[in-house]
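The values are calculated or read from the model by the stated rules, or taken from the named source; none is laboratory data. These numbers were taken from a predicted model, which means no experiment stands behind them. Positions of Cβ are backbone-derived with ideal geometry, glycine not excepted, and every protein chain shown enters the neighbour counts. For accessibility, only protein heavy atoms count, side chains too; no ligands or nucleic acids. Shrake-Rupley method; radii C 1.70, N 1.55, O 1.52, S 1.80 Å.
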Amino acid sequence: MLIKQAPDIRSSEITDKKLYVNRREFMRSATVAAAAAATGAGVLAGTSASLEAAAPAPHGRKLENVQKSPLSLTDEKPNSWDQITTYNNFYEFGTDKESPSLYAKALKTEPWKVVIEGECAKPAAYQLEDLLKGVTLEERIYRLRCVEAWSMVIPWVGFPLSEVLKRAEPTGKAKFVQFDTAFDPASMIGVRQPVLRWPYTEGLRMDEAMHPLAILAVGLYGEEMPKQDGAPIRLIVPWKYGFKSIKSIVKIRFTERQPLNTWQEMQAGEYGFYSNVNPTVDHPRWTQASERRIGEFFRRKTLMFNGYADQVASLYTGMDLKKNY
Ligand code: MTE
């Protein structure tokens, strides 16, 4: 990845506490609404009692009614909250690992709109709380393997991406899904420089996007998503390098043609469209055979498809994964 200096930031660019608290209120009612819909209870009838019950969490607001998932890892220890929220890649807020935790506070995540468009019968512009209506939040403990050869284990809270995609009724022409991050020079100090082509864009093939392991995440460690980790809603595709897991999504577009993701556009020889974790295909500038788990001393071996081969290898039957990196 490219390493450039983060520009200076003025203290006036950091969001005040009020905005943050409003967002928590919203997130809390969204999850309550989702839970009520899932259980068949009336949303309004369930809201106030559940709001009373929503407990504060150590760092933000606790997400209610989060179900355990059989798709979570059970044998690897999650990284700590501090590791997950202070060692980040979010170039919109600077290119070094600490900048997102310092500067992403400026991002205004309420209200938040997600547009769904392109090759589908039901395009729509959703307020986030409407997008979340009817979904059941799950804890998904996944490995995250960055293309830079570091990794973590993160207990995300989210729901299958397929639920949102199905709702839009994609047409027969929808072969791919493109995702865009917000582009807001007022709050995102990183986008004021042409470090990448903005907005940050990613894409998946339709069958990848519909896979049960692909989720939209709205939190971690049972709390609402910290801004530096991609609040209020981001993609998680655990068998692919971390840069596919695009943060702070504002647009989802069904396309007939393969989208050009930002990193491929920047350096096609180094970053491809598929970017499946693959220890047998090195990055031109470093090995991908091993990785540094944040918090560990010794490097560990990188696993094919980041350890999710049993679930996802069949998506790529017959494909040359050295060419389609
Ligand atoms: N999404 C956006 N919009 N901008 C980014 O710079 N970085 C990616 C991905 N999503 C990035 C992004 C990379 S390289 C990684 S490894 C993961 O986010 C890191 O997620 P984390 O900071 O929550 O660990």
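Looking at Y126, Y103, which is the one that is within 16 Å of the ligand (Cβ to nearest atom), within 16 Å of S248 (Cα to Cα) and at pLDDT 95 or above? Result of the check over Y126, Y103: Y103. Of the residues that make up segment 200-215, is at least one touching an Asp or Glu at 6+ places or on another chain (Cβ under 6 Å) and either within 12 Å of the ligand (Cβ to nearest atom) or in a loop (DSSP other than H, G, I, E, B) (or both)? The answer is yes, given that some residue of segment 200-215 is touching an Asp or Glu at 6+ places or on another chain (Cβ under 6 Å) and either within 12 Å of the ligand (Cβ to nearest atom) or in a loop (DSSP other than H, G, I, E, B) (or both).
Exactly one residue among Y221, Y271, Y308 is open to solvent by 10 Å² or more (accessible area, probe 1.4 Å) and among the aromatic types (F, W, Y), and that residue is Y221.
Matching residues to (1) modelled with pLDDT under 95; (2) in a strand (DSSP E or B); (3) among the hydroxyl-bearing types (S, T, Y); (4) away from the ligand (no atom under 16 Å from the Cβ):
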residue: I116; (1), (2), (3), (4): no, yes, no, yes
residue: D130; (1), (2), (3), (4): no, no, no, yes
residue: V135; (1), (2), (3), (4): no, no, no, yes
residue: L144; (1), (2), (3), (4): no, yes, no, no
residue: V147; (1), (2), (3), (4): no, no, no, no
residue: M152; (1), (2), (3), (4): no, yes, no, no
residue: V157; (1), (2), (3), (4): no, yes, no, no
residue: S162; (1), (2), (3), (4): no, no, yes, yes
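Across segment 222-248, the qualifying residues are those that are charged (D, E, K, R) and in contact with a strand residue (DSSP E or B) (Cβ under 9 Å, 6 or more places away or on another chain), and the one among them that is farthest from Y271 (Cα to Cα) is E223.
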